[in-house]
1. Could you look through region B:406-425, keep only residues that are charged (D, E, K, R) and surrounded by 17 or more Cβ atoms within 10 Å (Cβ to Cβ), and pick out the one that is nearest to the chain's Cα centre (by Cα)?
2. With the checklist (1) surrounded by fewer than 24 Cβ atoms within 10 Å (Cβ to Cβ); (2) not in a loop (DSSP other than H, G, I, E, B) in hand, flag the one item B:A101 doesn't pass.
3. Within region A:400-412, track down each residue that is closer than 22 Å to B:G392 by Cα and either more than 7 Å from chain B (Cβ to nearest Cβ) or β-branched (V, I, T) (or both).
4. Hey, can you tell me all the residues within region B:267-283 that are of a type in the set (V, I, T) and either within 11 Å of the chain's Cα centre (by Cα) or part of a helix (DSSP H, G or I) (or both)?
5. From the list B:F391, B:F423, exactly one residue is modelled with pLDDT under 95, part of a loop (DSSP other than H, G, I, E, B) and away from chain A (no Cβ under 13 Å). Which is it?
6. Of the numbered conditions (1) over 18 Å from A:L17 (Cα atoms); (2) within 14 Å of chain B (Cβ to nearest Cβ), A:D372 satisfies every one except a single condition; which is it?
7. Take the residues in region B:161-178 that are of a type outside the set (A, V, I, L, M, F, W, C) and surrounded by 14 or more Cβ atoms within 10 Å (Cβ to Cβ); name whichever of them is nearest to B:V99 (Cα to Cα).
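The values are calculated or read from the model by the stated rules, or taken from the named source; none is laboratory data. In this text, all values refer to a predicted model and were calculated from it rather than measured experimentally. For neighbour counting, all protein chains shown are included, and Cβ atoms are generated from backbone atoms with ideal geometry for every residue, glycine included.
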There are 2 protein chains.
Amino acid sequence: MEDVLLHRVVGKLKAILLIADGMADRPLKELEGRTPLEAARKPVMDQMARTGVCGIVDPISPGIPPGSDTATLAFLGYDPFEVYSGRGALEAVGSGVKVLAGDVAFRCNFATVDRNLVVLDRRAGRISNEDASKLSESLRRIKLKKSLNASFLFKNTVQHRAALVIHGPKLSTAVSDSDPEVNGKKVLEIRPLDKKPESVRTAAITNELMREFRKVLMEHPVNRQRVARGLPQANIVLCRGAGAIPKLKPLPELFSIKASCIAAVSLIKGVCKVAGVDLVNVKGATGTPRTDYLAKARAAVQTLETHDFVLLHVKAADVASHDGNFTLKIEIIENIDKMLGYILNKVDLDSTYLALTADHTTSCVTRNHEGDPVPVAITGPYVRKDGVWEFGERACAEGGLGRIRGLDLMYILMNLVGKAKKFGS
Amino acid sequence: MEDVLLHRVVGKLKAILLIADGMADRPLKELEGRTPLEAARKPVMDQMARTGVCGIVDPISPGIPPGSDTATLAFLGYDPFEVYSGRGALEAVGSGVKVLAGDVAFRCNFATVDRNLVVLDRRAGRISNEDASKLSESLRRIKLKKSLNASFLFKNTVQHRAALVIHGPKLSTAVSDSDPEVNGKKVLEIRPLDKKPESVRTAAITNELMREFRKVLMEHPVNRQRVARGLPQANIVLCRGAGAIPKLKPLPELFSIKASCIAAVSLIKGVCKVAGVDLVNVKGATGTPRTDYLAKARAAVQTLETHDFVLLHVKAADVASHDGNFTLKIEIIENIDKMLGYILNKVDLDSTYLALTADHTTSCVTRNHEGDPVPVAITGPYVRKDGVWEFGERACAEGGLGRIRGLDLMYILMNLVGKAKKFGS
């Protein structure tokens, strides 16, 4: 009986939360009414279900399809309805762009338009990182008119993707997108979404910047070369998802822990960074189905030596689901199972809690995020092991955790590692 | 079917809620992976589970370790996040000290300090009630300087424990403790926790009072006698947990019921009193493992004749858990089972609902309150009996109530006795 008591006293109890992006699904005819998770061979996950306590989780609330950003905020213990302030800023932060309180950030695309500003290719032929970097460098040199009283940061991330941050006094996220979201439609003027002077001003600054960007891009040698190589020009920047940095009490303060995150996707990195979570970069982690699963598992085990909590995020299953590729999804789940096997073999099971869940259901049929609950299993010392025999959307619904909310999970884990603060006395 | 209808019409449906403090636990290796509750021989509780509807309850919210004060507030139907305002005032009220809206109350200890105000014994050798009463009488005669524009009440309760209430205009609970919480540390100056003049003023009044207390105690004949008898002097009063009276709409108003409480512990009595619940004193109810269980059960049955609702609180299991004594905990659970047996034998089962739960999990391993959910069972006419076969943390998780919050329980009970107000039409 002394072991856990001792671990707690010396602050040794630790937790890993593995979030498999979009892993949950709906039953498929092609799988004889099973979900990809139910159909996969996943002995380690099933072992977790058998030795742990299981349940189902509504990442946001029942029936609400979560984004990966809102779901991750919730799984870190924040109420997304209170703190979420758009994707733009989170993705920018995750890409290494500095976003300050009061800034407005957009997600951007390099795109191809014709003379009438009709979008021919929203991704400018999935422009290479190299070309995008050269273009970005030129865009960064632009000076905004002094009268606008604002400055900006612009950074390309992967292929056509980029982040734009507007900095200055009195800005607002209540502005529309310039990105029409589909090819064949005209680029939109950015409009203020309310009548506040801050919103009017932000729209004006962003429109002005978009015009300046276009001027530079139209004349740019990289685009002349692209034409010569038969590639679509990156002759405009489209922007969407105006967002600000959410005001969060950081996790280390909330729970007196050192927390870390292993994720390839900049959105998840951004969420973690604003929550005061240390980012661990892993070579070979790509956010794709071909990511280096074991490298991430190794990093998680290593990071646990210096941190109390590790959020381990794997994007791959979501990618396969958006393509409706359930065969690939099953393969990915089986790879994640091997990751878990590695972790369970390496950590000290007397002092480590391991939680497994998905940030949302992504249906291979609808190819979208859905609002169905996701399964969860928690193993570790003295958990109230239940009768659940396998890890799956339906098996876990019979578990001892019942049906919880995403934002409960962090509190449940912190309670197990002895870091939850008592309320009352 | 007419009987319940009739009972309801004439207002005869009643409910007893038995809260076994800290009764829930985690699986123990020493009990072959069972919890003390699962290991105990408790035929009546199991019978309740079999004939009633069961579930698990998060007294506060998932993962949050509750205090007995916040949990009891929740079980009475109040949102503790909204109404809780510190333990001091609740404990003072429960000890029979009058606390008015605007007053600030502290929990106090008679303690022993050396010349440099280093605490030698936080409990002054667990001073007798007799000595403490004599000292308190002298302290009460102290007059505060007129310029402070405040008065106070001071009352010793059990052994070294006492309550202090400051009364006057413009007071604040945002002040720190003078109690350093451990022996060997110096007594602390009470500091305002914010810059408001009310907090500065409250700290100044309390510090002044502490100095006056000390002057009287140092010269007191009781302390001279204690030295002569080789006992540690009670030469200082330490205070902690500044609190105000929560503003609650009383239960009789909320549900049009006459409610009563049987509890030995002054904190629980205080919570009930501020909720407009009548306190019933029971001879032999001590709040310890040797309390007179049957006397409390008899009192509950009797009280039900004049009241619609009885909260029956038993402290003992929590005491055993804080000592890590799972053998004693099992014995206590078996005693509580006998209490329940008595009650079920004596009440009219056609008109009485009986609910059984714990106010929190207290782990015999960590010896602390934990944020794990607690089991609940409700028996009575026409409840939706489920398939749960025994009363335990895990068995109840499969029950028909699912996973609920502490503050739901009172509404569920009031619904059963026909006292819940319809919302809508």
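1. B:D408
2. Of (1) surrounded by fewer than 24 Cβ atoms within 10 Å (Cβ to Cβ); (2) not in a loop (DSSP other than H, G, I, E, B), only one is false for B:A101: (2).
3. The answer is A:L401, A:I404, A:I412.
4. Of everything in region B:267-283, those that are of a type in the set (V, I, T) and either within 11 Å of the chain's Cα centre (by Cα) or part of a helix (DSSP H, G or I) (or both) turn out to be B:I268, B:V271, B:V274.
5. Checking each option against the conditions leaves just B:F423.
6. Going through the list (1) over 18 Å from A:L17 (Cα atoms); (2) within 14 Å of chain B (Cβ to nearest Cβ), A:D372 breaks only (2).
7. The selected residue is B:H167.
Yes/no matrix, rows are residues, columns are (1) out of contact with any Leu (no Cβ under 7 Å at 6 or more places or on another chain); (2) not hydrophobic (A, V, I, L, M, F, W, C):
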position: B:A316; (1), (2): yes, no
position: B:V319; (1), (2): yes, no
position: B:F326; (1), (2): no, no
position: B:D348; (1), (2): yes, yes
position: B:A358; (1), (2): yes, no
position: B:T366; (1), (2): no, yes
position: B:P375; (1), (2): yes, yes
